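The values are calculated or read from the model by the stated rules, or taken from the named source; none is laboratory data. All of these numbers come straight from a predicted model, not from anything done at the bench. Please note: Cβ atoms are built from the backbone with ideal geometry, for glycine as well, and neighbour counts cover all protein chains shown. The protein model used for the area step is the full one, side chains on, heavy atoms only, and it has no ligands, DNA or RNA in it. Shrake-Rupley method; radii C 1.70, N 1.55, O 1.52, S 1.80 Å.
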Amino acid sequence: MAKKVAFLQGNEAAAQGALYAGCTFFGGYPITPSTEVAEVMSNELPKIGGKFIQMEDEIGAMASVIGASLTGAKVLTATSGPGLSLKQELIGYACIAETPCVIVNVMRGGPSTGMPTGPSQSDVMCAKWGTHGDHAAICLTPASVQELFEETVRAFNLAEKYRMPVMVMPDEIVAHMRERIVFPEPGELEVVNRTAPSVGPAEYKPYDTSFGDVPPLAAFGSGYKFHVTGLNKGQDGFPTTKAAWVQAEEERQIRKVDANVDDIVQFEEYELADAEVAVVAFGSTSRSARFAVNEARKQGIKAGLFRIKTFWPFPDKQIAALAGKVKRIITPEMNLGMCTGEVKRCAEGKTEVVGIFRVDGEPINPGQILEKIKEVK
Amino acid sequence: MSFDYDKYIRPGKLPHIWCPGCGHGIVMKGMIRAIDTLGLKKEETAIVSGIGCASRLPGYMDCCTLHTAHGRAAAFATGVKMAKPEMNVILVGGDGDGTAIGGNHFIHACRRNIDMTYIIMNNNIYGMTGGQFSPCTPTGAKASTTPYGNPDPAFDVAKLAIGAGATFVARGTAYHATQIDKLIVEAIQHKGFSVVEILDDCPTTYGRRNKFKSVIEMMNRLKEIAVPIKAAEKMSAEQLEGKVITGVLYKEERPHYTAEYAKVIERAQK
Amino acid sequence: MSQRYEIRFSGAGGQGLILAGVIMAEAASIYDGKQAVQSQSYGPEARGGASKSEVIVSDDFIDYPKATVVDALLALTQEAADKYSHDLKEGGVLLIDSDLVKNVPPGNFKTVAFPIINTAKNEVGREIVANIVALGAMVALTGVVTKESAEKAVLARVPEAFLELNKKAFNMGFDKATAAQA
Amino acid sequence: MEKKLPTIEIIEKYCKGCHICVEFCPTKVLEMKGFVASVKNLEACIKCMQCELRCPDFAIKVSA
């Protein structure tokens, strides 16, 4: 049987990916350029008995998905820059309370209202450092409509597997462009469901580390009674200020991601085998970079592309290895150097890292990157 | 006959954190009696709060309890109720949490008429942070941030709730302990968003600054200012000056949110 | 055709140019089995303001989703013609509404002009289908998708009650452009 | 017939000494003993339960 094919917008694909992953609850607030995600979910969720709610604000939207997640639902919200800033309070809550949820954040210009319809890649640091306190972050930066579908599915899997919020951050170009998408058959992509507790309600503790770094999460309304708080908590979920406990719990929450980077980090290497100049890029900019690399190769320049698919955790190991291999690294990005700084950190001075930054609402075009490749080769 | 509160309280969690004479414990007992009267199952009851003294209440309750972020209880609870409408959802919190930082979530929960009960313990102050004025602090009152008297007018929580669309609004006081559970029973039974405001006392951070000599004086004030709605109907505006009307202040039947969304599902699946 | 072919539909917000681009790209990618990417840029207003919708068609994988050197440009307003013709390639095609674009942008390209909006209004009967008239014309001028695929794509996108209207608009545009360039 | 007296249990580790039970007992059954409430005159108890109802600290249990 031929697979279902459609010509979809990135945001529509993100919504379809969420549905494929088993999402049954969406809480959102309208914001350009992410609104199509909400629109598709409002249309599709009731058809499968799921719930869509448009909340009074971005914070309320984030709150509603955490509340719904605690009843066992797979949950999604979607937003963009200013909304992401507002959601940070409760993204932190989802981190400390270890509540799975997925946030699609479409990157537009900023800070503040910035450029609502212009593309940007300047929320990647907000994904990592936006909420206060120490916490782990997972952030995926897809580069095509098909990948936006697939990475949204993966985001749900990671959220459930590691009991934490996961962000999918397409830039406005990827979110709004349309491409052909081939829908995977049910079962074709892995779908991870929440691990149910293996003990009865009487013995259950929501943060029982005897089950490992990711303790099973029970659902409200399923016979289990437990307490959830945004305060530092003990294994039983109740607030604690016991120094040793707080330290151990904070470290465990970071370790959930740090000890599993190889499971989480995905990337793509293109023409890197003999490359002397490597372009490190993500999102739609990586597509410009690939175009430029092909052009450079035609002109006899050994250029290659390292495409970041998982922005957080950052592919430290891979970038460090790349830096030891190539003469120059070029980092084009639609911000003023956020990824560049990370690449420099990983490169540890082993190679020169040259950024191309654009924040004028226009994409970085292949010509700009090609020019830089020629300049530094 | 003594009431067995222990049946609903998590073992080992008492004594609670509230100060001597704070009425929150009296309200919690009323809520427990109401839950017991209605026979709500603990594992099917979610108690959701924000941040503040009153918001510590869920931690003591042997139910599905969710202690959220400051002001956000109604929004979290909306997610719980939407995702699992068969659950009983009770919100608890203080006046600062509910009407200042949580004001937006509060009025929209009223507007949606989502079937939950919100018990708001109004002690006119931010207690946990040490007594700053709240939107419910009376004009002229002293607080740690109104050393020269409060210039702000205060919210009337019940009017706010009615204006925003809540379909059941009641008011009681921590002094009138026997009335609390009755109001909460009726609120939970009501289909739609129900608000029960309990006028409460904060001897530590409000009473001390506003010339109340003791907890007893604060409790006596609650006794004196409260006028049951039936009695109030026969009183003149002058007689009602400085008084607060208690009882069921407002009640109407209007479609509630999860039932309306069930219709959306029905239409979508046609 | 293994190379990229870049088409830009431009005009004012509300003229349905994004939809025209989407249909063109669908014709290529769903019905003709090629690769296609559609993207757009627009201002904050839902109506008015300069708007553009770009379609890249190729036999191969499309990396950069936006236009680099435009092969064919539609301009439905003077503002769009002025703003979006700078990267139209030499020998490319420029389709303009002859009533609305009085100053034809200078350049070494083939310009085709006919009253697109008035054709929709007076000959098809509804101004709202001007985008489909323009689409029909662009299909004729670019040859990047087959006429059959484009028509199928149009009909798949419009409500049933308006099938005939849109079919008429599409064919009218196709024929007028064919005649205009002869 | 001898009057059957109720039992008033005061859980001292819960009592925070707020005086509410003492002050609002209509028959003055209770008193403060140091920082905690204590039964002074059980004979006078009319089992109105007001002390139990009003105790904010879950510290009083009155049984018939």
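Before moving on, here are some points about what is shown:
- Exactly one residue out of B:Asp181, B:Asp156, B:Asp152 is in contact (Cβ under 8 Å) with a residue 40 or more places away in the chain and either open to solvent by less than 60 Å² (accessible area, probe 1.4 Å) or more than 14 Å from the chain's Cα centre (by Cα) (or both), and it is B:Asp181.
- Restricted to chain D, the set of strands (runs of 3 or more DSSP E) holding at least 3 residues that are more than 22 Å from B:Met218 (Cα to Cα) comprises D:7-10, D:60-63.
- Sole exception among (1) in contact (Cβ under 8 Å) with a residue 40 or more places away in the chain; (2) more than 14 Å from chain B (Cβ to nearest Cβ); (3) out of contact with any strand residue (DSSP E or B) (no Cβ under 7 Å at 6 or more places or on another chain); (4) not aromatic (Phe, Trp, Tyr) for A:Ile181, by number: (3)
- When segment C:68-86 is limited to residues that are under 29 Å from C:Gly33 (Cβ atoms) and away from every other protein chain (no Cβ under 14 Å), the one that is surrounded by the fewest Cβ atoms within 10 Å (Cβ to Cβ) turns out to be C:Asp71.
- Here B:Thr37 meets each of (1) assigned to a helix (DSSP H, G or I); (2) more than 8 Å from chain A (Cβ to nearest Cβ); (3) within 23 Å of A:Thr131 (Cβ to Cβ); (4) open to solvent by 10 Å² or more (accessible area, probe 1.4 Å) with one exception, condition (3).
- Residues that are of a type in the set (A, V, I, L, M, F, W, C) and open to solvent by 60 Å² or more (accessible area, probe 1.4 Å) within segment A:232-257 comprise A:Ala243, A:Ala244, A:Trp245, listed in sequence order.
- Among the residues listed as A:Gly349, A:Gly355, the single one being outside the structural domain of A:His176 (by TED's automatic domain parsing) and in contact with a Ser or Thr (Cβ under 6 Å, 6 or more places away or on another chain): A:Gly355
- Residues satisfying the stated conditions in segment B:90-105, i.e. at the interface with another protein chain (Cβ under 9 Å from one of its Cβ atoms) and open to solvent by less than 10 Å² (accessible area, probe 1.4 Å): B:His105
- Residue match in segment A:10-25 (condition: hydrophobic (A, V, I, L, M, F, W, C) and within 18 Å of B:Pro85 (Cα to Cα)): yes
- Out of A:Met107, A:Met167, sole residue that is farther than 20 Å from A:Phe25 by Cβ and assigned to a strand (DSSP E or B): A:Met107
- Comparison of B:Phe168, B:Phe133 shows that the only residue that is modelled with pLDDT of 95 or more, hydrophobic (A, V, I, L, M, F, W, C), over 27 Å from B:Thr78 (Cβ atoms) and over 12 Å from the mean Cα position of the chain (by Cα) is B:Phe133.
- When residues of segment C:27-54 are limited to those that are among the charged types (D, E, K, R) and open to solvent by less than 50 Å² (accessible area, probe 1.4 Å), the one modelled with the lowest pLDDT: C:Lys52
- Selection within segment D:51-64: residues that are at pLDDT 95 or above and more than 21 Å from B:Lys13 (Cα to Cα). The member of this set that is farthest from the other protein chains (Cβ to nearest Cβ) is D:Cys51.
- First in segment A:352-368 and under 21 Å from A:Lys298 (Cβ atoms) and open to solvent by less than 20 Å² (accessible area, probe 1.4 Å), second anywhere and among the hydroxyl-bearing types (Ser, Thr, Tyr) and at pLDDT 95 or above, Cβ under 6 Å, 6 or more apart: A:Ile364/A:Thr285; A:Ile364/A:Ser288; A:Pro366/A:Ser288; A:Pro366/C:Tyr64
- From C:Pro65, C:Pro106, residue being assigned to a loop (DSSP other than H, G, I, E, B) and open to solvent by 50 Å² or more (accessible area, probe 1.4 Å): C:Pro106
- Where a residue in segment A:231-250 is outside the structural domain of A:His135 (by TED's automatic domain parsing) and its partner, wherever it lies, is outside any loop (DSSP other than H, G, I, E, B) and of a type in the set (Gly, Ala, Ser), with Cβ under 9 Å and at least six apart: A:Gln235/A:Ser210; A:Phe238/B:Gly59; A:Pro239/B:Gly59
- Test: B:Leu66 is assigned to a strand (DSSP E or B) and open to solvent by less than 10 Å² (accessible area, probe 1.4 Å): yes
- Subset of segment A:197-252 that is in contact with a Phe, Trp or Tyr (Cβ under 7 Å, 6 or more places away or on another chain) and among the hydroxyl-bearing types (Ser, Thr, Tyr) - its residue that is farthest from the other protein chains (Cβ to nearest Cβ): A:Tyr204
- The number of residues in segment B:213-223 that are within 22 Å of B:Gly149 (Cβ to Cβ) and either away from chain D (no Cβ under 13 Å) or touching a Pro at 6+ places or on another chain (Cβ under 7 Å) (or both) comes to 2.
- Set B:Pro11, B:Pro15, B:Pro58: member being part of a loop (DSSP other than H, G, I, E, B), away from chain D (no Cβ under 12 Å) and more than 21 Å from B:His190 (Cβ to Cβ): B:Pro11
- Exactly one residue among C:Gln15, C:Gln3 is under 16 Å from the mean Cα position of the chain (by Cα) and more than 10 Å from chain A (Cβ to nearest Cβ), and that residue is C:Gln15.
- Among the residues making up segment D:1-15, a single one is within 11 Å of another protein chain (Cβ to nearest Cβ), among the acidic types (Asp, Glu) and either more than 26 Å from B:Arg33 (Cα to Cα) or more than 11 Å from the chain's Cα centre (by Cα) (or both): D:Glu12.
- Residue in segment A:195-203 that is in contact with a Gly (Cβ under 8 Å, 6 or more places away or on another chain) and closer than 28 Å to A:Ala63 by Cα present: yes
- Those strands (runs of 3 or more DSSP E) lying entirely in segment A:251-362 with at least 1 residues basic (Lys, Arg) and farther than 23 Å from A:Asp123 by Cα: A:328-333
- Restricted to segment D:16-35, and to residues there that are open to solvent by less than 30 Å² (accessible area, probe 1.4 Å) and over 16 Å from D:Cys48 (Cα atoms), the residue that is farthest from the other protein chains (Cβ to nearest Cβ) is D:Gly17.
- Of all residues in segment B:69-89, those satisfying the criterion of being farther than 16 Å from A:Thr71 by Cα and buried (at least 24 other Cβ atoms within 10 Å of the Cβ) are B:Ala69, B:Gly71, B:Arg72.
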